[in-house]
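S.K.: What follows is a structure written as structure tokens; I'll ask about it next.
Just so you know, all these numbers are worked out from the coordinates, no wet-lab data involved. Predicted model, so just to flag it, every value in this text is computed and none were measured. For neighbour counting, all protein chains shown are included, and Cβ atoms are generated from backbone atoms with ideal geometry for every residue, glycine included.
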Amino acid sequence: MQALWRDRSLMTNVVRYLTHPEVNVDPSIPVPRWGLSEVGKARTESVTRTGLLSGTTRVISSGERKAIETAQIIAAKLGVDVEVRETMHENDRSATGFLVVDEFEAVANQFFGQPHVSVRGWERAVDAQLRIVREVEQVLARDTPGDVLFVGHGGVGTLMYCHYSGLEIARVHDQPAGGGCFFAFRSHDRRVLHGWRRLEEL
């Protein structure tokens, strides 16, 4: 009976990966230093009032400002600290810096469509996938009680989703436009529970 209870307990532990919502776009500032917009902050704050993250005992954030701000809003309501892991950053796009929307979308399509190629100097998708999965697995290896919330970015989040879902890297698996989306999987067997949902569905 005790072993059965322990198995059921494990099944309730959920790992969620949440992407930051809307940001203040400023071409004069490096992208990793962009912060949340008022809309992004409001969307994040609305989640803290639902109580649906009450089982979360750890909040892990990328080191980019927009992710940290998202994580801090949620963690403050949960009464937990934010653990920042610098290597959870978005795919490295520093070779090009800021790109206008149409150009960015075109390069992003190439990034996902040619995962073994460094498109215009960007980090290769296969390398970014290995990096984000390694970071997640290092955190989960601690095997502490409770749900875990990772807060990060759409690019590496999609690569992570592809990995745990057993899917080839492809942009068709990307989050819906606008960011502030999440997917979830069980901690003990890494089984994906659902694909991308908007933050408001938490």
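S.K.: Among the residues of region 113-127, are any under 17 Å from the mean Cα position of the chain (by Cα) and not hydrophobic (A, V, I, L, M, F, W, C)?
M.R.: Filtering region 113-127 down to residues under 17 Å from the mean Cα position of the chain (by Cα) leaves 125-127.
Pick out the ones that are also not hydrophobic (A, V, I, L, M, F, W, C) and you get 127.
Yes, region 113-127 has at least one match.
S.K.: Kindly indicate which of 39, 25 is without any contact (Cβ under 8 Å) to a residue 40 or more places away in the chain and either in a loop (DSSP other than H, G, I, E, B) or under 17 Å from the mean Cα position of the chain (by Cα) (or both).
M.R.: Values: 39 fails: either in a loop (DSSP other than H, G, I, E, B) or under 17 Å from the mean Cα position of the chain (by Cα) (or both).
Testing whether each residue is without any contact (Cβ under 8 Å) to a residue 40 or more places away in the chain and either in a loop (DSSP other than H, G, I, E, B) or under 17 Å from the mean Cα position of the chain (by Cα) (or both) leaves just 25.
S.K.: Out of 131, 142, report the one residue that is surrounded by 17 or more Cβ atoms within 10 Å (Cβ to Cβ), more than 25 Å from residue 37 (Cβ to Cβ) and either within 17 Å of the chain's Cα centre (by Cα) or without any contact (Cβ under 8 Å) to a residue 12 or more places away in the chain (or both).
M.R.: On the way: 142 fails: surrounded by 17 or more Cβ atoms within 10 Å (Cβ to Cβ).
Step by step, each of 131, 142 is checked, and only 131 is surrounded by 17 or more Cβ atoms within 10 Å (Cβ to Cβ), more than 25 Å from residue 37 (Cβ to Cβ) and either within 17 Å of the chain's Cα centre (by Cα) or without any contact (Cβ under 8 Å) to a residue 12 or more places away in the chain (or both).
S.K.: May I pose another question? So, in region 43-66, of the ones that are of a type in the set (A, V, I, L, M) and touching a helix residue (DSSP H, G or I) at 6+ places or on another chain (Cβ under 8 Å), which residue ends up nearest to residue 154 (Cα to Cα)?
M.R.: Within region 43-66, the subset of a type in the set (A, V, I, L, M) is 47, 52-53, 59-60.
Now drop any that are not touching a helix residue (DSSP H, G or I) at 6+ places or on another chain (Cβ under 8 Å), which leaves 47, 53, 59-60.
Working: 47: 19, 53: 20, 59: 17, 60: 15 Å.
Taking the candidates together, the pick is 60.
S.K.: Applying the selection to region 44-68, what residues are part of a loop (DSSP other than H, G, I, E, B) and buried (at least 21 other Cβ atoms within 10 Å of the Cβ)?
M.R.: From region 44-68, those part of a loop (DSSP other than H, G, I, E, B) are 49-55, 63-64; that's our starting set.
The one that is part of a loop (DSSP other than H, G, I, E, B) and buried (at least 21 other Cβ atoms within 10 Å of the Cβ): 64.
S.K.: Please indicate, with yes or no, whether at least one residue in region 102-112 is in contact (Cβ under 8 Å) with a residue 12 or more places away in the chain and among the acidic types (Asp, Glu). Walk me through it before giving the result.
M.R.: First pass over region 102-112, keeping only residues in contact (Cβ under 8 Å) with a residue 12 or more places away in the chain: 107-109, 111-112.
Within this subset, residues satisfying the condition of being among the acidic types (Asp, Glu) are none.
The answer is no, given that none of the residues of region 102-112 is in contact (Cβ under 8 Å) with a residue 12 or more places away in the chain and among the acidic types (Asp, Glu).
S.K.: Any idea how many residues of region 17-43 are of a type in the set (D, E, K, R) and loosely packed, with under 12 Cβ neighbours inside 10 Å?
M.R.: Step one: of region 17-43, the residues of a type in the set (D, E, K, R) are 22, 26, 33, 38, 41, 43.
Right, trim to loosely packed, with under 12 Cβ neighbours inside 10 Å and you get 33, 38.
Residues flagged as of a type in the set (D, E, K, R) and loosely packed, with under 12 Cβ neighbours inside 10 Å within region 17-43 amount to 2.
S.K.: Quickly run through region 69-81 and pick out the residues that are in contact (Cβ under 8 Å) with a residue 60 or more places away in the chain and either of a type in the set (A, V, I, L, M) or exposed (fewer than 15 other Cβ atoms within 10 Å of the Cβ) (or both). Give the derivation first.
M.R.: Kept after step one, since they are in contact (Cβ under 8 Å) with a residue 60 or more places away in the chain, are these residues of region 69-81: 70-71, 74.
Result: 71, 74.
S.K.: Continuing with this model, one more query. How about region 74-85: which of its residues are assigned to a helix (DSSP H, G or I) and under 20 Å from residue 136 (Cβ atoms)?
M.R.: 74, 75, 78
S.K.: Here is a follow-up. I'm told residue 71 meets every condition in (1) touching a Ser or Thr at 6+ places or on another chain (Cβ under 6 Å); (2) under 23 Å from residue 178 (Cβ atoms); (3) not in a helix (DSSP H, G or I) except one. Can you identify the failing condition by its number?
M.R.: Among (1) touching a Ser or Thr at 6+ places or on another chain (Cβ under 6 Å); (2) under 23 Å from residue 178 (Cβ atoms); (3) not in a helix (DSSP H, G or I), the lone unmet condition for residue 71 is (3).
S.K.: Name the single residue, out of those in region 164-189 being within 17 Å of residue 133 (Cα to Cα) and in contact (Cβ under 8 Å) with a residue 60 or more places away in the chain, that is farthest from the chain's Cα centre (by Cα).
M.R.: Initially, region 164-189 is screened for residues within 17 Å of residue 133 (Cα to Cα), giving 164-170, 173-174, 182-189.
Now narrow it down to the ones that are in contact (Cβ under 8 Å) with a residue 60 or more places away in the chain: 174, 182-188.
Details: 174: 12, 182: 7, 183: 9, 184: 10, 185: 13, 186: 16, 187: 16, 188: 19 Å.
That would be 188.
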